[in-house]
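For reference, the structure is listed below as structure tokens.
The values are calculated or read from the model by the stated rules, or taken from the named source; none is laboratory data. Please read these numbers as outputs of a predicted model, since none were measured by experiment.
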Amino acid sequence: MANPNTPQTNENEITSLRAEVARLTKIVSSQGAQAYSDVRGRAAQAVDAVGPAARKTVDAAKAEGGALAQTAREHPAAAGSVMVLAAALGMLVGYALGASSQPEPPRRRYW
């Protein structure tokens with residue numbers, strides 16, 4: 001009967017474990033590479049799908065900006081009034097948000 005704790009048995013187990021770790025490392029590595037490839041492919045498809053829509057949106061924004069600039073040139077008083085109104089509305093919203101976010105002052109309680 002062989003002693004299970006002999007140096008030769010331990011060496012065989014270590015060699016076996018190293019081979020198993022190497023095999024598992026190859027499996028995990030290949031799965032990681034496959035997952036990376038899949039994600040990269042999906043990202044490329046998403047970019048390709050969004051590209052034409054983004055170009056159309058940019059073209060529409062440029063056209064609307066040009067129309068807005070032309071209207072402002074034709075009616076400078078109205079454009080100035082709109083700017084002042086927008087600034088006043090922005091200040092009002094900012095004041096309301098700022099006032100609502102401040103904590104209430106501490107109250108003294110007399111009991």
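Remarks
- Exactly one residue out of SER100, SER37 is on the phi < 0 side of the Ramachandran plot, hydroxyl-bearing (Ser, Thr, Tyr), modelled with pLDDT under 85 and in a helix (DSSP H, G or I): that is SER100.
- Total residues in the range 45-83, condition within 25 Å of the chain's Cα centre (by Cα) and not charged (D, E, K, R): 12
- Inspection of the range 57-65 finds no residue satisfying the criterion of being assigned to a helix (DSSP H, G or I) and modelled with pLDDT under 90.
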